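Written below as structure tokens is the structure these notes are about.
Values quoted throughout were computed directly from the atomic coordinates according to the rules given, and no laboratory measurement underlies them. Keep in mind that what you see is a predicted model, and the values were worked out from it rather than measured. Positions of Cβ are generated from backbone atoms using ideal geometry, with glycine treated the same way; all protein chains shown enter the neighbour counts.
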Amino acid sequence: MYISELRLWNFRKYGNDEWDLEKPHLIVPFNPGTNVLIGENDSGKTAIIDAIKLVLKTHAYEWIRVEKEDFYKNSSKLRIEIIFKDLKDDEAKNFIEWLGWYKDNDDDNEDNQNEDNQNDNNEYKPILRLIFQVEQKNERILPYETKAGMDEYGYSLNAEAREYLKSTYLKALRDANNELIAKKNSRLSQILQGHELFKKENEEKHEFEKWLDETNDNIKNWFNDSSKEGESKSNKEQIKDVVDRFLKSFIDNDISSKLELSEPELKAILEKISLGIEGARNLGLGTMNRLYMATELLHLKKDWDGLKLGLIEELEAHLHPQAQMKVIEALQKENDVQFILTTHSPNLASKVQINNLIICHNNDAYPLSDDKTKLDKKNYKFLERFLDVTKSNLFFAKGVIIVEGWAEEILIPIIAKKLGYDLTQYEVSIVNVGSIAYLHFAKIFLRNDKKELNIPVSVITDLDVKPNNHGAFETEEENNKRDGIKTNFIDFNDSRVKLFIAKQWTLEWCLYKSESISKLFKESVSEIHKGTVEFKKDNDSFKPEFESKFIDKLAKKAGTSTIDKVAIAGALAEKISTNEAFEIKEDDEYLKYIIDAIKHACRV
């Protein structure tokens with residue numbers, strides 16, 4: 001079984017003044033395997049994890065309870081529902097009195113099922129819904145419990161059923177060194193106490209306790225040993241008798257001391273166990289953190305008929321990028337376990353299959369599964385191959401600019417800063433797709449579930465219509481090309497994804513023609529292509545044949561004679577950023593498409 005859906009009402013940031021059980025304030029669907037919650041800071045990722053943890057609790061003995069801060073804007077009540085599907089027979093038998101039924105081919109109608117359908121095994125499958133509703137009154141949180149059932153309030157779950165629904169949780173800030181050493185209430189002891197091997201039945205002593213009892217008897221006998229060798233005093237005379245003599249004079253003659261191991265109980269024994277790696281000493285934080293994670297996940301591999309769910313916050317903590325990749329790859333191979341993770345790491349986002357990602361943004365969640373987005377199979381296949389670490393930044397940004405090449409990636413942040421829009425401050429990511437394949441990336445932001453992913457996305461593209469042999473541009477050809485690009489972009493017309501097309505030809509041509517940048521751009525071309533005679537200055541002026549030579553080199557296909565776009569962009573960026581007096585005119589017609597794209601991404 002796995003969590004197929006989480007529903008929240010008035011839980012932390014997910015809420016409003018309307019309370020309608022037919023309209024949850026947040027619905028998050030999950031896949032059976034790996035699910036990764038991504039998004040900028042304070043987007044609600046941790047709230048989703050904590051909501052699940054509040055209802056299910058964990059295998060480790062942790063104190064988990066509802067706090068006043070869990071209520072949305074101090075509302076009077078909150079509600080969490082968790083829906084489980086794909087219950088195998090051995091799992092479903094633990095929840096028979098709380099189960100509902102749903103059609104396997106009609107998952108959307110799960111709430112309308114009833115017990116009359118139980119016998120139709122070929123058409124209906126069991127479903128379990130947990131209900132966790134908490135109220136507060138006069139600043140006091142009223143008693144609450146987890147219930148289950150398909151009606152509004154459900155029925156109380158007994159302790160045995162709740163045991164089968166516990167999760168495994170790894171917190172975000174993991175102090176592995178501190179958690180794995182032997183100490184009172186150590187994390188390691190809590191993890192071990194939750195394992196089946198340490199569950200005691202009928203108050204019988206655990207094997208560890210029996211061993212310790214035997215050791216304890218030996219220790220007590222040693223301190224009580226009155227035997228002597230030669231003239232030396234016995235153990236008892238040297239220690240216990242001395243203590244007893246003072247004790248009797250301090251308290252009473254009937255008092256006698258007892259020396260033994262303290263607390264020979266299982267909990268105390270487990271608190272004396274530490275964990276390390278065989279043959280290794282002075283382990284670094286990264287290795288200790290992975291050891292800690294492996295220990296926390298112990299419960300997920302035990303053989304039982306209960307839930308196998310791992311909740312992991314910020315998997316990347318203390319791990320370098322390659323280690324992050326290794327860990328997430330290993331987790332994705334655990335086919336019988338469901339993982340729900342949060343991350344701020346583009347490394348992890350690029351390693352996880354895109355349909356397992358869930359973007360948290362603007363008090364909502366946006367799964368990227370194939371039934372929720374307008375991505376088709378071709379898009380998914382392309383993105384799995386080309387959505388690398390640098391491009392995965394788009395999942396964590398408040399605005400995105402998609403560009404076709406390195407020159408745009410280098411220059412746009414410099415131009416934006418000169419215009420007063422620092423992309424870093426606006427939390428805007430530039431995604432260089434390296435080609436005209438921007439539609440694959442842009443479609444990530446288009447939805448099938450009628451939700452608007454309110455992230456402004458600017459797609460910047462060249463017109464790519466060269467001048468004719470006489471150096472002139474054909475207006476009709478340009479208009480046809482522009483219309484063709486817009487037609488391919490028609491699916492985005494009512495979205496926050498906007499298209500910005502160069503006024504003419506390419507970025508480099510627009511920079512050359514720009515009223516603001518042309519002079520600095522020519523100087524950059526001359527500097528990079530100083531071996532080209534036509535690009536050299538006559539005194540302080542450029543030669544008349546500069547333009548024809550520039551068109552000729554820019555129009556040629558890849559080869560040694562073409563314009564070095566990246567090098568020129570780097571030189572130009574340096575000139576713009578170091579020239580404090582330099583200004584970009586916002587009415588510059590050749591830069592308008594760049595300026596408008598920057599403003600859109602910055603929500604201006």
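Values as computed for the structure displayed
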quantity	calculated
Interchain or long-range residues, amide H under 5 Å from Leu341's placed H	Asn35, Val36, Leu37, Ile312
Ranking of Arg281, Arg162, Arg482 by count of other Cβ atoms within 10 Å, fewest first	Arg281, Arg482, Arg162
Pairs from Lys77/Lys451; Lys13/Lys326; Lys486/Lys565; Lys45/Lys398; Lys417/Lys543 whose Cα-Cα separation, in the structure shown, is over 24 Å	Lys77/Lys451; Lys13/Lys326; Lys486/Lys565; Lys417/Lys543
Karplus 3J(HN,Hα) series, Hz, for segment 479-484 with 6.51 cos²θ - 1.76 cosθ + 1.60 (x for Gly, Pro)	5, 5, 5, 4, 5, x
Segment 540-604 versus segment 1-54: alpha-carbon centroid distance in Å	46
Additional length obtainable on full extension of the chain from Ser435 to Glu139, 0.36 nm per residue less Cα span	100.8 nm
Residues with amide H under 5 Å from that of Thr373, placed H, sequence gap 5 or more	Asn448
Under 12 Å from Lys200, Cα to Cα: aspartates and glutamates that are on another chain or at least 8 residues apart	Glu209, Glu265
Relative contact order, percent, segment 370-601 [alpha-carbon distance under 8 Å, six or more residues apart]	25
Rel. contact order, % - alpha carbon contacts under 8 angstrom, at least six apart, the chain	13
For q = 0.13, 0.15, 0.16, 0.17 Å⁻¹, Debye-computed log10 I/I(0) when each Cα of segment 370-601 counts as one equal scatterer	-0.82, -1.07, -1.19, -1.31
Qualifying aspartates and glutamates (Cα of each under 13 Å from Cα of Lys549; at least 8 residues distant if same chain)	Glu534
Label selected from (i) 33, 29, 24; (ii) 57, 36, 19; (iii) 64, 34, 20, the criterion being semi-axes √(5λ) of the Cα gyration tensor in Å as computed here	(iii)
Fewest-first sequence of Met288, Met1 by Cβ atoms within 10 Å of each Cβ	Met288, Met1
Extension gain, Ile273 back to Tyr155 (0.36 nm per residue minus Cα-Cα distance, nm)	38.4 nm
Extension gain from Asn221 to Lys537, taking 0.36 nm per residue of separation minus the Cα-Cα distance	103.6 nm
Too-long pairs where the Cα-Cα distance tops 25 Å, listed order kept, from Lys88/Lys166; Lys205/Lys248; Lys351/Lys443	Lys205/Lys248
Under the Karplus curve 6.51 cos²θ - 1.76 cosθ + 1.60, θ = phi - 60°, whole-Hz ³J(HN,Hα) for segment 455-460, x wherever Gly or Pro sits	10, x, 10, 9, 10, 9
Segment 335-349 - phi-based ³J(HN,Hα) in whole Hz, Karplus 6.51/-1.76/1.60, Gly and Pro as x	5, 8, 10, 9, 10, 10, 10, 10, 7, 10, 9, x, 4, 5, 4
Approximate spin-label separation Lys258-Lys228, in nm, with each point projected 7 Å along Cα-to-Cβ	2.9
Segment 432-490 and segment 263-328: distance between their alpha carbon centers, rounded to Å	48
Per-selection metrics, segment 181-274 (Cα): Rg and Dmax in Å	18.0, 53
q = 0.10 Å⁻¹: log10 I(q)/I(0) that the Debye formula gives for segment 324-482, counting C-alpha atoms only	-0.45
Amide H within-cut-off set for Ile402, under 5 Å, with H built and near neighbours excluded	Val431, Ser458, Val459, Ile460
For His320, His600, order by how many other beta-carbon atoms lie within 10 Å, fewest first	His320, His600
